[in-house]
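For reference, the structure is listed below as structure tokens.
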Amino acid sequence: MGLMGEYVMVLYIRELDYHKDADELASFALEGMNFSRYTKLRFAQKLYSRYFVREGILNATLSLGAYTEEGQLTGALLARFNGEQPVYRNFFWRCYVWLFELVLSLFFGSRTDEYDTNNRKMLQDVTRSKTFDGELSLFAVDPKQKGQGVGTALLSAFQTRKSGKQIYLFTDSNCTYQFYQHRGFEQASSVDIHEPGQSTDQKLSCFVFTRTL
């Protein structure tokens with residue numbers, strides 16, 4: 001009697017195809033980072049996730065995409081390192097990011113500032129005792145491929161390319177931050193803030209994780 005074989009996804013890790021896959025990556029980020037908790041308006045969720053990804057790509061000095069044999073994106077990792085040049089420039093994307101940030105400041109003001117301000121403060125506290133080479137700025141996997149090793153493959157490729165570098169990342173309790181805890185990252189700082197878009201007593205935990213690759 002034959003044994004049923006286990007399906008193993010074959011992945012190819014290469015530079016992200018920015019134009020082809022930016023919106024697909026935005027859809028991964030929307031669900032994986034639970035942007036729907038901040039607003040119930042679907043178009044606003046989509047606009048924000050696209051802004052988030054484009055801003056990340058424009059500032060990244062390293063980008064990795066995980067692709068199937070058929071060329072389908074299953075996840076991506078973006079990072080930026082001190083002294084390195086961004087890997088991609090796009091004037092129209094830069095305009096999109098600038099306009100979106102202007103709208104955020106005009107309509108939401110301090111509600112978005114609190115998150116960024118606390119992240120900056122945590123990082124300042126951490127850098128009193130540590131020096132970093134760069135930031136892991138975006139890490140998202142297709143929600144349909146969770147548990148298939150996509151995130152682990154991306155992180156392994158990242159470590160190979162930047163072995164020995166000291167990095168940090170921001171995350172929060174709306175993301176799967178436990179992934180980092182199980183892969184050698186250290187929680188260096190945390191703070192609880194009011195969760196944007198929720199009732200006044202709803203708290204969001206923000207974290208800084210660090211690791212030597």
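The values are calculated or read from the model by the stated rules, or taken from the named source; none is laboratory data. Since this is a predicted model, take the numbers as computed values, not measurements. Methodologically, a virtual Cβ is constructed for each residue, glycine included, from the backbone with ideal geometry; neighbour enumeration extends over all protein chains shown. Protein only, heavy atoms only, side chains kept; ligands, DNA and RNA dropped before computing areas. Shrake-Rupley method; radii C 1.70, N 1.55, O 1.52, S 1.80 Å.
In table form, for the structure just shown:
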quantity	calculated
Degrees separating the helix 91-107 axis from the principal Cα axis of the chain, which is the longest one	40
Under-28-angstrom lysine pairs by C-alpha in the range 85-189, whenever the two are 8 or more apart or on separate chains	7
Radius, Kirkwood style, for the chain when every pair of distinct Cα atoms is counted (Å)	18.3
Carbon plus sulfur fraction of accessible area for the range 63-140, probe 1.4 Å, in percent	56
Assigned charges on the beta-carbon of Lys, Arg, Asp, Glu; the chain dipole about Cα centre (debye)	240
Average accessible area per residue (Å²) across the range 62-179 - probe 1.4 Å, nucleic acids and ligands excluded	55
